[in-house]
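The block underneath contains the structure these notes are about, expressed in structure tokens.
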Amino acid sequence: MAAPPAKKAAAEGMVVVAIRYLQVEGVSYAHLYLYGRDGKLVRQLTADKSGQDHDPVFAPDGDEVVYQRTDGEERWRAVKVSGEGDRSLEGLPDWYQKQSTPPTQFTLSQSVPTKDGGKRLSIAAKAGDLSWKSADAGIELVLKDDEERRDPDDEDWFPKKAWLRKNGKDTCIETFPVFSPKRANKKAEFWEGPLPPGLVPNEERKDDEVRPEGIVAQTLLFCKGSPFPETPELRAAFFTQHRGSTDGVGLFAVDLKGRRIFEMSPNGGSLYVLPELASFACVCEQRYLPLGDGQRTVNCSYFDLWDARMQRIRFANAKPAVCYGAAIFIPGEKPVSVRIPREDSKFP
């Protein structure tokens, strides 16, 4: 007999996500939803319509979740993973601060001052090759000067192209095939051609500030000074691509072992490495999704997990929604929580 979903989730791992499904009419509320690690919904944990639930954190034993509810004021609450015992808290549990420490986030390289008083990413402000080796030294990532895009009048800008070096052979990463996961599931869909739909080559662009050539250029992401995750199981590197003011920034993962590129987020987002799980989390932002009334579009965000095989699991229904934080519990591992930065404490 198969184990009940709740027991299976507790044994294999649980994910709790604060999701605000956007309605065509009325007020949309963010609630907590409990999933198995496989992406299957176990149950909805909260349903109160007095405020917005956000930033969940698992207890060390995974038995309950502490979260915040904003209804003009931010209040601390807790609910058991069984869905019972939703209650207010007078104070935070002793374990909360330790458990709520976020995982390491990938960011752009350090900015450095230029001769004209401006700033430039350090990897594009210096001539010459830059290289990093993976933890097992089996793969090397090399950024080489891209002379075709070099501006001789700009002494502080040295555009780069990314290359994979393995067994003494260099391969330009921009030649790798590109895949985009379908929004409704984790299946990857192949893009025909060197550029995703909606993008045009550099020479056809009207926005002078947009300079990408292909999928990846000098916008390599770093984690603790390295473009490689902290675990050898993840043979990946991460890049961004500026797509203009309307579409924002695309976020990509490069599978260095399979020599493939995956789009993780089309319009921005945050990337976190989870070395204990040999995976990474992505808060994926998607702009201009149909709200459902045939007229309006909305900007959405979702919580995704990617494993070492570059398979994605999305923890949400296929509806327009906004993610307000997530937490992961794996038996035997320290729980992980991902907070979503907000400009202020107000919810739309």
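The values are calculated or read from the model by the stated rules, or taken from the named source; none is laboratory data. As the structure is a prediction and not an experimental result, all values here were calculated from the model. Note that we place each Cβ from the backbone using ideal geometry, even for glycine, and neighbour counts take in every protein chain shown. Protein only, heavy atoms only, side chains kept; ligands, DNA and RNA dropped before computing areas. Shrake-Rupley method; radii C 1.70, N 1.55, O 1.52, S 1.80 Å.
Return the residues of region 291-316 that are part of a strand (DSSP E or B), open to solvent by 30 Å² or more (accessible area, probe 1.4 Å) and either among the polar types (S, T, N, Q) or touching a Ser or Thr at 6+ places or on another chain (Cβ under 7 Å) (or both); say none if nothing qualifies.
Thr297, Asn299, Asp307
Take region 11-45 and flag every residue that is assigned to a loop (DSSP other than H, G, I, E, B), surrounded by fewer than 20 Cβ atoms within 10 Å (Cβ to Cβ) and touching a Gly at 6+ places or on another chain (Cβ under 6 Å).
Val24, the sole residue that qualifies.
Only one of these is in contact with a Leu (Cβ under 9 Å, 6 or more places away or on another chain) and farther than 23 Å from Asn317 by Cβ: Val81, Val112, Val65. Name it. Write out each step before concluding.
Values: Val81 fails: farther than 23 Å from Asn317 by Cβ; Val65 fails: farther than 23 Å from Asn317 by Cβ.
None of the others qualify; the one that does is Val112.
Just give me the residues in region 105-143 being of a type in the set (Ser, Thr, Tyr) and under 21 Å from Gln241 (Cα atoms), in sequence order. Spell out how you get there, then give the answer.
First pass over region 105-143, keeping only residues of a type in the set (Ser, Thr, Tyr): 107, 109, 111, 114, 122, 131, 134.
Across region 105-143, the qualifying residues are Thr107, Ser109, Ser111, Ser122, Ser131.
Sort out which residues of region 138-171 are assigned to a helix (DSSP H, G or I) and open to solvent by 70 Å² or more (accessible area, probe 1.4 Å), and write them in order of number.
At the first step, the residues of region 138-171 found to be assigned to a helix (DSSP H, G or I) are 147-149.
Matches in region 138-171: Glu147, Glu148.
Those residues that are of a type in the set (Gly, Ala, Ser) and touching a residue at least 40 places away in the same chain (Cβ under 8 Å), I need them from region 277-328; list them, please.
Ala278, Ser279, Ala281, Gly292, Ala308, Ala316, Ala318, Ala321, Gly325, Ala326, Ala327 - these are the residues of region 277-328 that are of a type in the set (Gly, Ala, Ser) and touching a residue at least 40 places away in the same chain (Cβ under 8 Å).
Out of everything in region 99-137 that is touching an Asp or Glu at 6+ places or on another chain (Cβ under 6 Å) and under 25 Å from Glu230 (Cα atoms), what residue ends up being most open to solvent (accessible area, probe 1.4 Å)?
This residue is Lys133.
In region 229-270, what residues are among the acidic types (Asp, Glu), touching a strand residue (DSSP E or B) at 6+ places or on another chain (Cβ under 8 Å) and either touching a residue at least 60 places away in the same chain (Cβ under 8 Å) or over 15 Å from Glu285 (Cβ atoms) (or both)?
Of everything in region 229-270, those that are among the acidic types (Asp, Glu), touching a strand residue (DSSP E or B) at 6+ places or on another chain (Cβ under 8 Å) and either touching a residue at least 60 places away in the same chain (Cβ under 8 Å) or over 15 Å from Glu285 (Cβ atoms) (or both) turn out to be Glu230, Asp255, Glu263.
Residues Phe228, Phe238: which one is within 13 Å of Thr107 (Cα to Cα) and not in a strand (DSSP E or B)?
Going through Phe228, Phe238 in turn, the sole match is Phe228.
Looking at region 324-346, is at least one residue modelled with pLDDT of 90 or more, open to solvent by 20 Å² or more (accessible area, probe 1.4 Å) and more than 26 Å from Val81 (Cα to Cα)?
No: region 324-346 contains no residue that is modelled with pLDDT of 90 or more, open to solvent by 20 Å² or more (accessible area, probe 1.4 Å) and more than 26 Å from Val81 (Cα to Cα).
Is there any pair linking a residue in region 15-29 that is under 15 Å from Pro320 (Cβ atoms) to one that is in a loop (DSSP other than H, G, I, E, B) and among the charged types (D, E, K, R), with Cβ under 7 Å and at least six apart or on different chains, and which?
Matching pairs, first to second residue: Tyr21/Lys319; Val24/Asp293; Tyr29/Lys49.
On the basis of being surrounded by fewer than 23 Cβ atoms within 10 Å (Cβ to Cβ), more than 15 Å from Phe262 (Cα to Cα) and of a type in the set (Ser, Thr, Tyr), does Tyr288 make the cut? Don't jump to the end; show me each part of the working.
Values: surrounded by fewer than 23 Cβ atoms within 10 Å (Cβ to Cβ): yes; more than 15 Å from Phe262 (Cα to Cα): yes; of a type in the set (Ser, Thr, Tyr): yes.
Yes; evaluated as a whole, the condition is true for this residue.
If I filter region 46-72 down to residues being part of a loop (DSSP other than H, G, I, E, B) and in contact with a Ser or Thr (Cβ under 9 Å, 6 or more places away or on another chain), which single residue comes out as least open to solvent (accessible area, probe 1.4 Å)?
Gly51
Can you find even one residue in region 88-98 that is under 23 Å from the mean Cα position of the chain (by Cα) and crowded, with 16+ Cβ neighbours inside 10 Å?
Scanning region 88-98 turns up no residue that is under 23 Å from the mean Cα position of the chain (by Cα) and crowded, with 16+ Cβ neighbours inside 10 Å.
Please determine, by comparing only the residues of region 73-87 that are assigned to a strand (DSSP E or B) and at pLDDT 90 or above, which one is surrounded by the fewest Cβ atoms within 10 Å (Cβ to Cβ).
So the residue we want is Arg87.
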